[in-house]
Amino acid sequence: VPTPSGIDEPINWYFSGAFDFGYEDPCAYVRWAWSPQIADMCEMASWKKTHLPSDDIDAIVMDVWKSVGPALVGLRGDTGGSMAKNTVVGWEEKIGIPIEAAEKHGKDTWGDLFNGELWAKRVHFRRNSVLLQEVRELQYRITKSGRREIWKKRVSNGVMHGDHCVDAGCRYAY
């Protein structure tokens with residue numbers, strides 16, 4: 001990135017990541033690379049998998065932690081439900097690394113803000129990204145009360161589309 005004096009400076013990259021913990025619903029993870037020096041953000045990882053035992057999830061979280069070291073600015077997690085914050089505290093204590101509980105209030109606002117980044121073309125996805133596939137397939141429906149909600153268990157072409165990577169990446173890690 002050129003400085004005001006015209007000298008190129010290397011970009012200092014930082015990372016943020018989030019887990020949407022699940023068992024029947026997928027456990028999903030997304031990691032972003034970003035820098036205060038530029039407006040863009042780059043997806044570094046996204047995946048999801050069902051029926052992972054807790055020991056496997058422990059190992060995955062530790063691998064994430066070790067792979068980015070001190071450049072990991074934030075790691076958030078969501079286990080869903082009314083006890084989600086307490087459950088994330090349990091994961092944090094079990095694994096021994098700091099995991100913030102994902103903020104559920106205002107999650108639609110974070111989704112809308114992320115959409116603004118998409119429209120501004122400041123978000124860059126990996127090729128064959130699981131997150132990008134969810135973003136492309138995500139649809140909303142209007143409830144009888146007029147509230148907008150994500151159509152979570154929508155099936156098209158025999159594939160059920162969820163929002164687990166979208167929750168992790170576009171609402172919690174973002």
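Structure data summary
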read-out: Pairs with Cβ under 9 Å, 6+ apart, first in the range 48-77 and within 16 Å of residue 89 (Cα to Cα) and open to solvent by 20 Å² or more (accessible area, probe 1.4 Å), second part of a helix (DSSP H, G or I) and basic (Lys, Arg); value: 54/94; 58/94
read-out: Test: residue in the range 96-107 that is closer than 19 Å to residue 25 by Cα, at pLDDT 75 or above and in a loop (DSSP other than H, G, I, E, B); value: no
read-out: Selection count, the range 33-78, where residues are in contact with a Cys (Cβ under 7 Å, 6 or more places away or on another chain), outside any loop (DSSP other than H, G, I, E, B) and either closer than 12 Å to residue 17 by Cα or at pLDDT 85 or above (or both); value: 4
read-out: Criterion violated by residue 121 - all others in (1) modelled with pLDDT of 75 or more; (2) open to solvent by 70 Å² or more (accessible area, probe 1.4 Å); (3) under 13 Å from the mean Cα position of the chain (by Cα) satisfied; value: (3)
read-out: Residue selected from the range 12-32 under the condition in a loop (DSSP other than H, G, I, E, B) and more than 18 Å from residue 92 (Cα to Cα), by the criterion farthest from the chain's Cα centre (by Cα); value: 12
read-out: Residue tally, condition modelled with pLDDT under 75, farther than 18 Å from residue 109 by Cβ and either open to solvent by less than 50 Å² (accessible area, probe 1.4 Å) or not aliphatic (A, V, I, L, M) (or both), over the range 133-174; value: 11
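The values are calculated or read from the model by the stated rules, or taken from the named source; none is laboratory data. Just so you know, these numbers come straight off a predicted model, no measurement behind them. Methodologically, a virtual Cβ is constructed for each residue, glycine included, from the backbone with ideal geometry; neighbour enumeration extends over all protein chains shown. Just so you know, the surface numbers come from the protein's heavy atoms only, side chains and all, with ligands and any DNA or RNA stripped out. Shrake-Rupley method; radii C 1.70, N 1.55, O 1.52, S 1.80 Å.
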